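What follows is a short report on a single structure.
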Amino acid sequence: MTPETARRGDGDRSGRAIVVGAGVAGLTAARVLADSFESVTVIDRDSLPDEPVPRPGVPQANQIHILWEAGRSALEELFPGYTEELCAAGGVSIDGRRDLHLYSQGGFLASGSSPFPLYAGSRPLYEQLLRRRVAELKGVRLRSQCRFVDYETDETKTAVTGVRVRSRGAERTALPAELVVDATGRTSRTPAWLARNGYGPPPTEEVTIGLAYTTIALERPPDDCRMIGMLAEPPRTRGGAVLPVEGDRWLVNVHGVHGDHPPADVDGIGEFVAPLPTPVFDRVLEECPLLAETGHHYPFPSNRRYRYEALERFPDGLVVVGDAVASFNPIYGQGMSVAALEALALGRTLREERSGIPTRFFDRAAAIVDPAWMLAIGADSAFPETRGDVPRGTAVFDWYLSRLFRRAHADGTLTDAFLRVLSMQRPPSSLLRASVAWRVLAPRYGGNRSARDSPNRPPSARERKPDLSPRRSNRR
């Protein structure tokens, strides 16, 4: 029994809830629903095995997924001991000050001065551990191979009263509920359903980035826990990332924006990363054996956000969470953390009272989404080809952030400040505090430190010492 359940007591649990979607957003939502409802049913069209394997309904499952500190802390609050279980199952504990290497604006950011722990694993492992914990909750049932068909409503269509589903080889069935949670991600049908049923669709913001990325798995020395990030930034439309995960593997991601997309074949990936300004990715590809001959390719055309909090009318008995509310450029790794934080917000909303749940939750969810959206959109809008609903003042903030990165090549305090924002522990506005702004904007003497001279340049996998060799013009 979790601490929150113990506080409420079983006598406070009543009614039925349904979660549509058994990803991270759906499973964390089910966890807080179990504190308030006697019965919670999680439905998903996929099989839900007790092994960490990719599911067809999660097309990005083989890609890199980062659990930033705010998200890890939220999962630990929801599922005490989750971090320990992740590590016991092979997840990797990373010393961020030593092993995190971020490249931006011509160089690697200096090592931070504050402790920065990170925990890494594959998306299937994160989900498997969550499924196991959710399945153990009293009153919770996971229904696999069960497709969502439509919402059930009362006669006036002012409240959602359940869902219609269809299991494999069976007729459609109505499942009643006092609360339904849509956790179906970018494929959510809720906006179209609202439009058909007289509510009008939620205001939508979309920023097109034209991203695609490919991830491959390589063998990793067990003691090598480096995490490397070089995200695309103008004028460079290509980037990459290296993440250590369970099974002594590295997941190596290469990505490109606005049509400059990587191939799925390994030889093509080597050619794709050759023009990058440091040899880090070439050398990982050369030094570490492949675990598969092909990569996993995934396109992401645009950031999209539905402003449910702006609707004047919304049916009772329904809330929307996770990527079904807002999906961000995945190279920033914010999705799982936002979902976990939204689950905490949903739990607080349920503990207050049962009436007005959607309105109160959407207001709280908007406050969680805002900083993540600002960071993703700010970075993506720096490309002149980017189109969409970019907030006013974004260009100025992007200029400031670029200057911060250049100064952070030799200033670990600025690295600390940015990492606290990236890990969602503080909002982007914290970078404008006087103590940070002075370091960013004050005159500086002696020029910038080059990428090759950066003290936080990652060592090669073979030598594990600073690599100061010249950049090669091609891979072979």
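The values are calculated or read from the model by the stated rules, or taken from the named source; none is laboratory data. The shown structure was predicted, so the numbers you read here are calculated from the model rather than taken from an experiment. Backbone-built Cβ (ideal geometry, glycine too); neighbour counts: all protein chains shown. Each accessible area value is taken on the protein alone, full model and side chains, heavy atoms only, with ligands, DNA and RNA left out. Shrake-Rupley method; radii C 1.70, N 1.55, O 1.52, S 1.80 Å.
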note = Taking the stretch 412-433 and keeping only residues that are assigned to a loop (DSSP other than H, G, I, E, B) and small (Gly, Ala, Ser), one is left with 423
query = Failed condition for residue 174, given (1) without any contact (Cβ under 8 Å) to a residue 60 or more places away in the chain; (2) in contact with a Lys or Arg (Cβ under 8 Å, 6 or more places away or on another chain); (3) part of a loop (DSSP other than H, G, I, E, B); (4) not basic (Lys, Arg), with all others met?
reply = (3)
task = Mind listing whichever residues of the stretch 233-246 are under 17 Å from residue 63 (Cα atoms) and in a loop (DSSP other than H, G, I, E, B)?
result = 246
key: Filter result for residue 280 (crowded, with 22+ Cβ neighbours inside 10 Å and over 29 Å from residue 108 (Cβ atoms))   = no
remark   = Quick count over the stretch 351-375, residues being free of Cβ contacts under 8 Å to residues at least 60 places away in the same chain and part of a loop (DSSP other than H, G, I, E, B), is 3
Output for the stretch 248-267, where each listed residue is surrounded by fewer than 22 Cβ atoms within 10 Å (Cβ to Cβ) and closer than 16 Å to residue 291 by Cα = 248, 249, 264, 265, 266, 267
Some residue of the stretch 134-145 being of a type outside the set (D, E, K, R) and farther than 20 Å from residue 33 by Cα = yes
query = Of all residues in the stretch 376-419 being without any contact (Cβ under 8 Å) to a residue 24 or more places away in the chain and farther than 21 Å from residue 330 by Cβ, which is most open to solvent (accessible area, probe 1.4 Å)?
reply = 392
ask   = For residue 208, all conditions in the list (1) within 30 Å of residue 317 (Cβ to Cβ); (2) in a strand (DSSP E or B); (3) not aromatic (Phe, Trp, Tyr) hold save one; what is the number of the exception?
value = (1)
